[in-house]
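The values are calculated or read from the model by the stated rules, or taken from the named source; none is laboratory data. Quick caveat, the model's predicted, so the values are computed rather than measured. Cβ placement follows ideal geometry from the backbone for every residue including glycine, while neighbour counts extend to all protein chains displayed.
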Amino acid sequence: MSVDENVKRIFEEVGDATLICVTKTVEPARINEAIRAGVTIIGENRVQEFEEKRDKILPCEVHFIGHLQTNKVKRAVQLFDVIQSADSMKVLKKINKRARAIDKIQMVFLQVNIGNEPQKHGLGLDEIKQVIPEIASLKNVCVKGLMCIPPYVSPEQARPYFRKMKSLFDELKQENRDNIDIQELSMGMSNDYMVAIEEGATMVRVGSAIFGEREY
Ligand SMILES: *Cc1c(COP(=O)(O)O)cnc(C)c1O
C-alpha cells in the first residue's frame, strides 16, 4: 500500500482522534507524500534529525516525541509546536527558561511512565500529582496533555495501561490553573492505536503503519 492509501485508511479508522504521523528516519519526500494525503501534524524524536530535514518538509505542525536531553532544550523550544515528552521537573524548568528567553509559551504534554518501567522515561503516577503545583509557577510552559508509551506487549495486554491513563487524564482534566489545561491524551502506536482509541485516546502516534518498517 502507498503512503497516500495508508494515510487515508488510518484517518478513517481513527475517526475523531487526532493522527500524529511519526516521521523519524523517514526522508522528506515521503513525509511530504503523507502531508499531501492530508496529514497536518508530524512527530519527530530527534532534534538534530528534524533540523536537517525541516527545510524540505511542507508546512505542518511538529510535535517532539523523543526523550529530550537538557542540552537540546534550547533548540527544541525553537523548533517544535508541542513537546509531548516532558518527562521530569528538571526538563520542564529548562523548557520554561528557554521559552521565556524567546518570549514563547511552549505547549507541552507530560509523559507518564504508566508501566513503572525503570528503563523508561516519564513521570510516575505519584510523581505527576506532586509536580502539578510546581508546574503552575512555570509561566512560559502550558500543559495541554498527557502522553505515554506502555510496556512493549500485545495490544490487548496494553489495554489496562491505556485504561489507567484514561482515569489519570479524567482526574487531571479537573485541574484548573492558568497554565495547566489538559485536553489531549496521546497514546497508541501502529500496532495498538485502535485499542488506545477504544480506551479514550484523543491522539495517536503512528509511524510504521504509514511508511512501512523503519530502516535505521
Ligand atoms: C516511533 C514512535 C512512535 C510510532 O511508532 P510506530 O510503531 O512506528 O507507529 C510513536 N511514539 C513514539 C514516542 C515513538 O518514538
### Task
Please name all residue pairs, on different chains or six or more residues apart, with Cβ atoms under 7 Å, provided the first residue is in segment 12-23 and is over 13 Å from ALA196 (Cβ atoms) and the second residue is crowded, with 24+ Cβ neighbours inside 10 Å and of a type in the set (Lys, Arg).
VAL22/ARG205
### Message
Show me the helices (runs of 4 or more DSSP H) entirely contained within segment 115-216 in which 2 or more residues are under 15 Å from the mean Cα position of the chain (by Cα).
### Response
155-172, 193-198
### Message
Given the criteria more than 9 Å from the ligand (Cβ to nearest atom) and closer than 25 Å to ILE35 by Cα, does GLY200 qualify?
### Response
no
### Query
For GLN174, are the conditions met, namely being of a type in the set (S, T, N, Q), within 16 Å of the ligand (Cβ to nearest atom), free of Cβ contacts under 8 Å to residues at least 24 places away in the same chain and over 20 Å from ALA17 (Cβ atoms)?
no
### Message
Against the conditions (1) in contact with a Cys (Cβ under 9 Å, 6 or more places away or on another chain); (2) without any contact (Cβ under 8 Å) to a residue 40 or more places away in the chain; (3) of a type in the set (A, V, I, L, M), where does ALA196 fall short? Just the number, please.
### Response
(1)
### Task
Within segment 72-83, identify whether any single residue is within 13 Å of the ligand (Cβ to nearest atom) and either modelled with pLDDT under 95 or part of a strand (DSSP E or B) (or both), and answer yes or no.
yes
### Query
Yes or no: MET187 buried (at least 18 other Cβ atoms within 10 Å of the Cβ), within 14 Å of the ligand (Cβ to nearest atom) and not hydroxyl-bearing (Ser, Thr, Tyr)?
yes
### Query
Which one is farthest from LYS94 (Cα to Cα), of the residues in segment 56-71 that are away from the ligand (no atom under 16 Å from the Cβ) and in a loop (DSSP other than H, G, I, E, B)?
LEU58
